[in-house]
Each structure stands twice: as C-alpha cells, then as structure tokens.
Amino acid sequence: MMRVLVLGAGFGGLELTTRLSEELGGAADVVLIDKADGFVMGFSKLDVMFGRTKADAVRHPYADIVRPGVRFVQSTIRSIDPVGRSVETDAGRFEGDVLVVALGADIHPEATPGLTEAGLDFYTPAGAFAARDVLDSFRGGRVVIGVTSTPFKCPPAPSETALMLHDFLTERGLRERSEISLVMPLGSPIPPSPEASRALLAAFAQRGIGWYPNRLVRRLDPERGVAVFADGEELAFDVFLAIPTHRVPAVVAESGMCVDGWIPVDPLTLQTRYPDVYAVGDVTSVGTPKAGVFSERQAGVVADRLIARHHEQTATSTYDGTGVCYIEFGHRSVARVEVTFRSGQRPTGSFEDASELLLQDKADFGSTRARRWFGTEWVGY
C-alpha cells in the first residue's frame with residue numbers, strides 16, 4: 001500500500017487527497033496535515049470583508065472530510081525531512097513513501113515597518129474578518145490598498161478590493177467624502193492579460209480610483225498617516241489595506257528544500273530534487289501566480305502521477321501552467337481571465353468581459369469545490 005503524506009490543506013492538498021481517494025480509495029494510505037481546523041476559499045474573504053456574508057458561512061471544517069483512504073490530522077508541523085519523507089508534528093511523527101508539500105505562503109506584516117501599527121492585513125481570513133469591523137465603522141476618508149512586497153498571492157485581488165470598496169462606500173453614501181487609491185509594483189493590474197488590465201484601468205477611471213503603478217510600499221509612518229514608496233514618494237491614508245510580504249512557512253525554510261526563498265520543482269511534474277517528494281502551489285517557484293487555482297491544477301498532475309504509479313503504469317501527466325481567475329468588477333458583475341505560464345515562454349491570457357452571467361459561473365466554481373472536498377455547500381451572497 002502506497003503511503004502518501006500531504007502537508008497543507010489548501011487548494012492543492014484538498015484536490016490531491018480528493019483525487020487519490022476517488023481513484024484509489026482504501027488502496028492508498030493518505031495523511032493530510034494542517035494546523036488549521038477549517039478552510040476558507042480565497043475570494044470568500046472579500047465577501048465577508050464587505051458585508052456580503054458572514055464569517056461562519058464561508059468556513060468549511062476539516063472535520064467534514066470523510067473520505068476512503070484519507071485521514072486528516074490537525075497539528076502544527078515542527079520539522080520536515082525531505083530525505084526521509086517524514087515530518088515531526090505536535091501529534092507525533094509521520095512518514096510516507098511519497099511526500100507532497102502544499103503549505104502555501106505565509107504573510108509577514110511585521111516585515112514592513114509601521115504596518116502592524118497602522119495598517120490592516122486582509123490577505124488572511126482573520127485579517128479580512130477584522131477589516132470588516134473597521135470598514136463597518138468607517139465614515140469616510142482616504143483608503144489606500146497597497147502591495148508591500150513581491151511575489152504576492154492572487155494578483156487580481158488588490159484591483160477587486162478597490163472596485164468592491166467603491167461599491168461598499170457608494171451604498172453607504174460615503175463615496176463622495178472618500179478617496180480610494182491602489183498601489184501596485186506592476187505596470188498594469190494583470191500583465192499577462194492586456195484586455196483585463198485595460199478593462200480594470202477603465203473601471204478605475206470611471207469610478208475615480210487612484211492608480212499608482214510600478215510602486216512598492218516600503219513602510220508606513222503611523223504618526224503622519226502616510227505610506228512611503230520605494231522611491232520616497234508618499235501617499236496619505238486614513239485606512240491602509242495591506243498586501244503584506246509573502247514567504248514560505250518557517251518550517252519549509254528550515255527544511256533545506258528552498259532556493260532563493262521558494263521550493264524549486266520540475267515545471268512539468270512538480271517533483272523536487274528529492275526522490276518521491278513533490279511541492280505544489282504558493283510554496284514553489286514554478287513560475288505561475290500564487291493563487292489557489294494554479295495549486296489545484298498542479299495537484300491534479302501529482303495525483304495523476306501517483307495513481308499511475310499505484311497501477312504500475314508510466315506517468316505521462318504534465319503541468320500546462322494554465323489557470324482561471326474571476327475578477328469582481330462591482331455592480332454584481334464578474335469578469336473571467338484565463339492565463340497560461342510556460343517555462344521559457346511569454347505568459348498569455350484571455351479575457352471575458354464582466355457580466356452577471358459570470359457571477360453565477362464564479363458561484364459554481366465555489367460550489368463544486370465545496371461539494372467535492374467537503375460534501376457541503378459553498379455560501380456566496
């Protein structure tokens with residue numbers, strides 16, 4: 001019986017363990033380890049932050065995972081041994097014939113001076129839910145959405161936040177007494193898709209949202225209420241919504257698997273330099289954006305290869321670098337971007353204009369995954 005040890009229960013870990021259970025059932029011994037007790041889909045954080053739904057409605061408890069061949073263990077991982085394909089956790093030691101690292105990227109607000117004192121992280125469920133309370137009591141002023149480091153998860157999310165904030169303030173009669181500014185280190189909102197970027201820039205202009213491209217927020221000055229860019233320029237704020245520094249979890253950094261801060265993998269197979277050790281998603285330097293849809297697709301490739309191994313067949317599945325992202329444009333309209341990143345090639349992307357029809361498409365995306373991974377329903381708004 002093949003023993004598979006999966007670290008991290010995000011998009012990658014959930015998709016991988018689901019596929020292995022569907023195909024192999026009890027013929028494989030799969031252990032899924034995560035320190036959290038539940039999962040929140042990335043775009044649900046913004047729904048909660050802007051009052052569209054409640055925090056409890058978007059949490060999917062890992063206790064709901066009841067699947068042949070899969071055991072979920074809630075515990076903190078203390079060390080990873082990629083040579084021995086084993087981990088030490090607060091719940092004991094676990095070993096596998098195959099090890100898959102899908103622990104994502106952690107955020108570090110403390111890496112940006114002044115951010116913990118004067119800013120709001122909204123890139124974690126806890127941070128977004130706390131930002132909800134701040135926005136609920138907001139009575140108008142200057143709001144800056146700022147990126148403090150690269151790379152960062154879900155590149156469309158800062159643009160979505162600006163547009164959703166516009167709607168939020170408009171509905172409350174606060175837009176005319178408020179300013180919204182978006183600061184990003186990119187030359188366009190979504191570089192792989194010029195069409196999507198043009199649509200977003202037009203939406204910013206129409207709504208009076210300030211756009212500051214090719215700028216990185218280096219620090220906040222809490223006393224003066226200003227964000228300081230890398231070039232020394234300053235931007236005043238009353239509320240600063242931050243995209244903090246991203247790094248691999250400390251336990252991954254300490255494992256010896258990383259090069260230049262991330263785990264290198266074969267871009268086609270997701271294998272690391274260690275035999276029978278794979279890595280998927282945000283924790284890698286595979287070259288795709290750090291977003292759940294890419295992690296999910298990578299996990300599917302690893303699942304295909306492990307299923308082939310179980311059946312003593314030659315593994316042929318490879319990763320194509322493609323992912324689909326939904327972009328909230330406000331006014332109950334959603335756009336869709338499909339981008340492809342292949343090693344050595346320029347990224348390409350297609351764009352579907354924002355519409356109410358794609359709002360349902362996005363809801364279906366959430367619903368299908370909630371049902372497959374947890375046997376529950378996804379709650380939108």
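Condition check: among the acidic types (Asp, Glu), more than 22 Å from GLN298 (Cβ to Cβ), more than 18 Å from the chain's Cα centre (by Cα) and open to solvent by 40 Å² or more (accessible area, probe 1.4 Å). Does ASP37 satisfy that?
Values: among the acidic types (Asp, Glu): yes; more than 22 Å from GLN298 (Cβ to Cβ): yes; more than 18 Å from the chain's Cα centre (by Cα): no; open to solvent by 40 Å² or more (accessible area, probe 1.4 Å): yes.
Taking the combined requirement at face value, the residue does not satisfy it.
Condition first: open to solvent by 40 Å² or more (accessible area, probe 1.4 Å) and within 23 Å of ARG132 (Cα to Cα). Can you find one or more residues in the stretch 201-208 that meet it?
Applying the first criterion (open to solvent by 40 Å² or more (accessible area, probe 1.4 Å)) to the stretch 201-208 yields 201-202, 205-206, 208.
Checking the rest, the ones that are also within 23 Å of ARG132 (Cα to Cα) come to 208.
The answer is yes, given that some residue of the stretch 201-208 is open to solvent by 40 Å² or more (accessible area, probe 1.4 Å) and within 23 Å of ARG132 (Cα to Cα).
Take the residues in the stretch 170-198 that are hydrophobic (A, V, I, L, M, F, W, C) and surrounded by fewer than 21 Cβ atoms within 10 Å (Cβ to Cβ), then tell me which one is nearest to ARG52 (Cα to Cα). Let's see the steps before the verdict.
Step one: filter the stretch 170-198 for residues hydrophobic (A, V, I, L, M, F, W, C), giving 174, 180, 182-184, 186, 190, 196.
Then keep just the ones that are surrounded by fewer than 21 Cβ atoms within 10 Å (Cβ to Cβ); that gives 174, 186.
Values: LEU174: 18, LEU186: 29 Å.
Step by step, filter the stretch 170-198, then rank; the result is LEU174.
Inspect all residues belonging to the stretch 131-151 and state whether any of them is in contact with a strand residue (DSSP E or B) (Cβ under 8 Å, 6 or more places away or on another chain), open to solvent by 10 Å² or more (accessible area, probe 1.4 Å), of a type in the set (A, V, I, L, M) and modelled with pLDDT of 95 or more.
Within the stretch 131-151, one or more residues are in contact with a strand residue (DSSP E or B) (Cβ under 8 Å, 6 or more places away or on another chain), open to solvent by 10 Å² or more (accessible area, probe 1.4 Å), of a type in the set (A, V, I, L, M) and modelled with pLDDT of 95 or more.
Looking only at the stretch 254-291, count how many residues are at pLDDT 95 or above, of a type in the set (Gly, Ala, Ser) and within 19 Å of ALA157 (Cα to Cα).
1
Among the listed residues VAL334, VAL302, VAL324, VAL286, which satisfies the condition of being of a type in the set (Val, Ile, Thr), crowded, with 21+ Cβ neighbours inside 10 Å, out of contact with any Ser or Thr (no Cβ under 6 Å at 6 or more places or on another chain) and part of a strand (DSSP E or B)?
On inspection, the qualifying residue turns out to be VAL334.
Can you name the number of the only condition in (1) under 29 Å from VAL265 (Cα atoms); (2) in a helix (DSSP H, G or I); (3) open to solvent by 30 Å² or more (accessible area, probe 1.4 Å) that ARG342 fails?
Unmet condition: (2).
Scanning the stretch 143-198 for residues that are among the charged types (D, E, K, R) and free of Cβ contacts under 8 Å to residues at least 40 places away in the same chain, which turns out nearest to GLY287 (Cα to Cα)?
The initial filter retains those residues of the stretch 143-198 that are among the charged types (D, E, K, R), namely 153, 160, 167, 171-172, 175-177, 179, 195, 198.
Pick out the ones that are also free of Cβ contacts under 8 Å to residues at least 40 places away in the same chain and you get 171-172, 175-177, 179, 198.
Working: GLU171: 39, ARG172: 41, ARG175: 38, GLU176: 41, ARG177: 41, GLU179: 35, ARG198: 24 Å.
Taking the candidates together, the pick is ARG198.
Every residue, every condition in (1) of a type in the set (Ser, Thr, Tyr); (2) closer than 30 Å to LEU165 by Cβ; (3) surrounded by fewer than 18 Cβ atoms within 10 Å (Cβ to Cβ), yes or no:
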position: HIS60; (1), (2), (3): no, yes, no
position: ALA63; (1), (2), (3): no, no, yes
position: VAL70; (1), (2), (3): no, no, no
position: GLU95; (1), (2), (3): no, no, yes
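Taking the stretch 3-31 as the search range and keeping residues that are in a helix (DSSP H, G or I) and small (Gly, Ala, Ser), which one is surrounded by the most Cβ atoms within 10 Å (Cβ to Cβ)?
First, pick out the residues of the stretch 3-31 that are in a helix (DSSP H, G or I): 11-27.
With the extra rule that they be small (Gly, Ala, Ser), the set shrinks to 12-13, 21, 25-27.
Values: GLY12: 33, GLY13: 28, SER21: 20, GLY25: 12, GLY26: 11, ALA27: 14.
So the residue we want is GLY12.
I'd like to know if the stretch 218-233 contains one or more residues that are within 25 Å of ALA126 (Cα to Cα), modelled with pLDDT of 95 or more and assigned to a loop (DSSP other than H, G, I, E, B).
yes
The values are calculated or read from the model by the stated rules, or taken from the named source; none is laboratory data. No experiment lies behind these values; they were computed from the predicted model shown. A quick note on method: Cβ atoms are made from the backbone with ideal geometry, for glycine too, and the neighbour counts reach across all protein chains shown. Surface areas here come from the heavy atoms of the whole protein model, side chains and all, with no ligands, DNA or RNA. Shrake-Rupley method; radii C 1.70, N 1.55, O 1.52, S 1.80 Å.
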